[in-house]
1. Report, by residue number, each residue of the stretch 366-385 that is away from the ligand (no atom under 15 Å from the Cβ), part of a helix (DSSP H, G or I) and in contact (Cβ under 8 Å) with a residue 24 or more places away in the chain.
2. Does residue 261 satisfy the condition of being part of a strand (DSSP E or B), more than 10 Å from the ligand (Cβ to nearest atom) and under 29 Å from residue 432 (Cα atoms)?
3. Restricting attention to helices (runs of 4 or more DSSP H) lying wholly within the stretch 77-179, give those where 2 or more residues are over 18 Å from residue 27 (Cβ atoms).
4. Taking the residues in the stretch 236-255 that are out of contact with any strand residue (DSSP E or B) (no Cβ under 8 Å at 6 or more places or on another chain) and more than 11 Å from the ligand (Cβ to nearest atom) as candidates, determine which candidate is nearest to residue 310 (Cα to Cα).
5. Considering each of 279, 301, 285 in turn, give the residue that is under 14 Å from residue 331 (Cα atoms), within 8 Å of the ligand (Cβ to nearest atom) and buried (at least 24 other Cβ atoms within 10 Å of the Cβ).
6. When you go through 234, 229 one by one, which is the residue that is under 24 Å from residue 448 (Cβ atoms), surrounded by fewer than 18 Cβ atoms within 10 Å (Cβ to Cβ) and not assigned by TED's automatic domain parsing to the domain that holds residue 303?
7. Could you please find all residues in the stretch 333-347 being in contact with a helix residue (DSSP H, G or I) (Cβ under 6 Å, 6 or more places away or on another chain) and either without any contact (Cβ under 8 Å) to a residue 40 or more places away in the chain or crowded, with 24+ Cβ neighbours inside 10 Å (or both)?
8. Starting from residues that are assigned to a helix (DSSP H, G or I) and touching a residue at least 24 places away in the same chain (Cβ under 8 Å), keep the ones in the stretch 418-428 and report whichever is surrounded by the fewest Cβ atoms within 10 Å (Cβ to Cβ).
Ligand SMILES: C[S@@+](CC[C@H](N)C(=O)[O-])C[C@H]1O[C@@H](n2cnc3c(N)ncnc32)[C@H](O)[C@@H]1O
């Protein structure tokens, strides 16, 4: 008889959902919330782990399974559709999620008989007896071939972009964007890098803790380029410097573009405070605050969303009052004096195409229109940034996207209108090799496969006198 999914069984440990089966069931529940309720995978998994009390290896197994099922979704779905011999839309969505998890286990070299029996058990427990036959039949066909054979078969006869889209689990339009931006011989490496979840990177906040002291407190390794970064597997919240705000979680690419902006402002000094115009949740604001204090500057950190402004204040809590101010406002209405900031950092809301490796589900949510929808806001924010900056001061345009419409197009448009001088941004990061964007060597474009960072973009411009 069909059994209804039962949330109480999460934490309960009833006899049929112990051990491995319990992990599979929790992963299934999380994946359902991502698929059916459009939850963000990272947040949903964190919620579900909290609700179930799973920790340690079990929590890691759930995180890995759900992340892989989300990351590889487009390709898994093609395999499942081929194995089922029918469109996925004709299958119950919960069944599709079970099959996705099964295909992930198969991709991770779980023995064929274990994949089939575990997924049949999962389907029976979580959905009902009536679907177990179907799950059994489709799973048997999925495990009938190693994944590389599936990929070869599915991509046979496709053009290059479609074939890469299948083999590396990216929507075709994103493959096409990357193909425009990268030399042909780097394209596969770039797509592959998006499929490798990054080791957490910490920042030792200047003026609060030295990097060596952070390393001594929690181990890990110094980052390749940022003088403040530490890569360290494990939960950052275990570390007391992180808990008290002396250190934080921050991708090395974000550290580098912030550092480059500060170096440019130092090279083009005018009087005035610094402005972080889009500051939430506060990673760059905290680094900027420490670097501003070193130069006797103050920082105004602005954020539109009140809850994100609170996160900015939280990120800045290690620094003494008086060195920074956090405000909540729409930067387009510019609630500050025009032409008053020596450095304005506009870390704009963007598609996040440069951070796909850390957001497993986001590539399948984005569409080309996700980019055009942001264009007007991005242009307005750039306009505000230029207006806020003092003559002779520096504007830094930063995105965690390499897409030309969110990067070069916004900057070139503003430069043409306002007569901005575009600086050679890579020259402010001399320690980082191959940091220049292929389309325009005045811009910094970092890449996961080249630099081990998110694909951060940075343009630096000086406002005319
Ligand atoms: C890419 S995030 C900034 C990340 C942040 N600088 C950091 O390093 O932690 C962009 C931020 O801009 C904010 N934002 C969006 N529209 C805005 C506006 N009109 N004015 C100010 N902030 C805005 C978003 O809420 C989001 O927090």
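The values are calculated or read from the model by the stated rules, or taken from the named source; none is laboratory data. Source: prediction; values computed, not measured. A quick note on method: Cβ atoms are made from the backbone with ideal geometry, for glycine too, and the neighbour counts reach across all protein chains shown.
1. 368, 372
2. no
3. 112-126, 132-142, 147-155, 160-168
4. The residue in question is 245.
5. 279
6. Being under 24 Å from residue 448 (Cβ atoms), surrounded by fewer than 18 Cβ atoms within 10 Å (Cβ to Cβ) and not assigned by TED's automatic domain parsing to the domain that holds residue 303 holds for just one of 234, 229, which is 234.
7. Matches in the stretch 333-347: 341, 343, 344, 345, 346, 347.
8. 418
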